[in-house]
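Asks: If you scroll down you'll find the structure; I have some questions about it.
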Amino acid sequence: MTARSLPSRPNLDQLKRQARDLLRRQPQLGRLRDAQRIIAEEYGYGSWDGLRTRVESLVGTIPGSISDRRNLTQYREASFGTHSTHQTRAMSS
């Protein structure tokens, strides 16, 4: 079997959903961890941790979901300092 290729912008949440869907379709797998291992193997990795590590290295620290405001705020603060330009302008007005 040929391994599937990761998309150019892989999303760990989407891969987790794939594992949960697989477990729903094949409850005999037993545990989510087993479904995650199968998903990892489909992408050519020996373990879920290996796949997760690779995805995290590709996407870096950018939040996966723009709606996750806490992660977005942390990303902005880490990238641009404690206050964004908009906050700095509002504070100096």
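The values are calculated or read from the model by the stated rules, or taken from the named source; none is laboratory data. In this text the structure is predicted, and so the values were computed from the model without any measurement. Methodologically, a virtual Cβ is constructed for each residue, glycine included, from the backbone with ideal geometry; neighbour enumeration extends over all protein chains shown.
Asks: Going by the structure shown, is residue 7 at pLDDT below 95, part of a loop (DSSP other than H, G, I, E, B), of a type outside the set (Ser, Thr, Tyr) and crowded, with 16+ Cβ neighbours inside 10 Å?
Replies: no
Asks: Could you tell me how many of the residues in region 24-66 are part of a loop (DSSP other than H, G, I, E, B), crowded, with 16+ Cβ neighbours inside 10 Å and either at pLDDT 95 or above or in contact with a Gly (Cβ under 9 Å, 6 or more places away or on another chain) (or both)?
Replies: Residues meeting the conditions: 2.
Asks: Looking only at region 12-36, count every residue that is free of Cβ contacts under 8 Å to residues at least 40 places away in the same chain and within 21 Å of residue 57 (Cβ to Cβ) and tell me the total.
Replies: 6
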